[in-house]
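FYI, it's all coordinate maths here, none of it is from the lab. These numbers come from a predicted model, not from an experiment. Here the Cβ positions follow ideal geometry from the backbone for every residue, glycine too, while neighbour counts run over all protein chains shown.
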Amino acid sequence: MPDLKTSYLGLNLRNPLVASASPYARKVDKVKELADAGIAAVVMHSLFEEQINHESRALDFFLNQGTESFAEALTYFPEMDHYDVGPEKYLRLIGELKKAIPVPVIASLNGISNGGWVDYSKRMADAGADALELNIYFLSTEVNVTAGDLEKAQVELVGKICSEVRIPVAVKLNPFYTSLPNFAAALVKAGAKGLVLFNRFYQPSLDIEALEVVPDLHLSTSDENRLPLRWVAILYGKIQADLALTSGIHTGEDVVKAVMAGANVAMMTSAILHNGTHYPMTVLKGLEEWMSAHEYQAVSQMHGALSQKSVANPAAFERANYLQVLTKFDSKLK
Ligand SMILES: Cc1cc2nc3c(=O)[nH]c(=O)nc-3n(C[C@H](O)[C@H](O)[C@H](O)COP(=O)(O)O)c2cc1C
C-alpha cells in the first residue's frame, strides 16, 4: 500500500484529499460520513462578514428596544434564538465537528473590510478550529479603484488576522491578479501559511425573456483543474507556504496531478455533491491504484514533480507555450 500521508498548514494529514468549503459542514452526520470515507480534513462553509455584521446590528436592536435597565435588557436575549444567530451557531458547530471526527477541522471566514468581524478569527481558534481559511472574495466594479490599492488592503487584512490568531491561516484566492506570484509572496510575508487556489466564481447568466440576471450554480468538471494546476505549478518552490488546489478535483488522477504540480492537498466539493459523501473512498482508491501501478511508494515522492521548476520545459507553463499550441492546432486544419 502506498503511503498517502502529507502535511498541510503544519497539520499531519492521512492523505492529500480534503473536503473544501461546502454546505456539508452544516450537518455533523454528513461530515462524519466524509471522514468515514477517508477525507483527511474538512473545511467548513464560510462565515460571512455580512452575517457577523448582521448579528451585531440585531444585538444592538434588541439591547436598545426600550430597555431601561441591564436586567430588563437580559430578558431580550432569548429572543436572539429566533433571530439570525449565524456566527454563534457557527462557533458551536466547530466544537461539535471537532468532537465528531478524528481529522482536522478548518474554519472559513469570508470578508474583505477591516472591521469588527475580524475578531471572529480569534473566536474560531478558541472554539477549537485547527486552522482558518480566509476567503477574500471581492469584485471591484469601480473605475477609480486601483489593483494596488485593493491588494494593499487585502495584505493588511491578512496581516491583521494572522497576528491575532494562534492557528495557521490559509488564504483562498481568485485567479484574477495581474501578478499573482508577487501578491502571493506579499500574503505569505503578512503571515499566511497556505494559499488555496482558486475560488470558483458563480457567473450569473441573463434571462433574456424575463430581463433578469439569473444567479446560477454549476458543479465543476475535471477540465477546470487546469487553471489552478498551472498556478500551483508556477508558485511551487517560489513562496514559503503550503498550496491547496481547489476546482475540478474529481478523480484519483486529478489528485495525482495536483500533488505533482506542487499542491500539499487537493480539495473537493462538486464531485462529492454529485456522487455522495462516500465518494472520497473511490477517489482515494483511484489514487492508491495509480500510485501502485506507477511504483510510487509515497505521496511525498510525487510532490512538485511536475512543477515549473522540475519539468524539462518550464516555458510550457508560460506564454511561450501559447504559440506552440496554436501552431500545432493550425497543422490540424483541413
Ligand atoms: C454549493 C457550494 C457551496 C460552497 N460554499 C463555499 C463557502 O462557503 N466558502 C468557500 O470558500 N467556498 C465555497 N464553495 C467553493 C468550494 O469550496 C470549491 O472551492 C469550489 O466549488 C471548487 O471546487 P470543486 O470543483 O471541487 O467544486 C462552495 C461550492 C459549492 C458548490
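Largest mean-square fluctuation among GLN301, GLN240, GLN154, in a Gaussian network model of the chain whose springs join Cα atoms under 10 Å apart, belongs to GLN301. Where in region 209-225 does the amide nitrogen come within less than 14 Å of the point 7 Å from the Cα of PHE176, taken along Cα to Cβ? Flagged as within label range: none. Most simply put, the chain has about 15% antiparallel DSSP beta bridges, counting only bridges with both residues inside it. Pairs of Cα atoms nearer than 8 Å and 6+ residues apart set the relative contact order; for the chain it is 19 percent.
With each label modelled as a point 7 angstrom along the Cα→C-beta vector, the MET281-ALA185 pair spans 4.7 nm. Round to the nearest 0.05 the FRET efficiency obtained for MET1 and HIS274 when R0 = 41 Å and r is the Cβ-Cβ distance. For R0 = 41 Å, the calculated efficiency reads 0.90. Peptide packing: for 137-148, 227-238, the average count of neighbouring Cβ atoms within 10 Å per residue gives the ranking 227-238, 137-148, highest mean first.
What is the calculated FRET efficiency for LYS152 to GLU50, with r their C-beta to C-beta distance and R₀ = 25 Å, to the nearest 0.05? About 0.65, to the nearest 0.05. Taking every full run of DSSP H in the chain, the ones that stretch at least 18 Å from end to end by Cα along their long axis and average -1.0 or higher on the Kyte-Doolittle scale are 49-64, 86-100, 147-164, 279-293. Between the C-alpha center of region 251-268 and that of region 291-320 there is a gap of 11 Å.
Each stretch of four or more DSSP H residues adds -39500 (n - 2.57); spread over every residue of the chain, this sum gives -12500 deg cm²/dmol at 222 nm.
Separation of region 1-33 from region 126-191 is 23 Å, based on Cα centroids. Seen from ASN225, the other residues with C-beta closer than 13 Å to its C-beta sum to a net charge of 0, counting Lys and Arg as +1 and Asp and Glu as -1. Can you tell me the FRET efficiency between VAL143 and LEU326 if r is taken as the Cβ-Cβ distance and R0 is 35 Å, rounded to the nearest 0.05? About 0.60, to the nearest 0.05.
For the modelled label position 7 Å from the Cα of GLN297 along Cα-to-Cβ, which residues of region 2-16 have backbone nitrogen atoms closer than 18 Å? Hits in region 2-16 for GLN297 at 18 Å: 2-6.
Is region 178-334 rounded, prolate or oblate when judged by the Cα gyration tensor, a ≥ b ≥ c being the square roots of its eigenvalues, rounded requiring a/c under 1.5 and prolate requiring a/b larger than b/c? Here region 178-334 falls in the rounded category.
Springs between Cα atoms under 10 Å define the GNM used for the chain, and in it the highest mean-square fluctuation of GLY194, GLY286, GLY115 occurs at GLY115.
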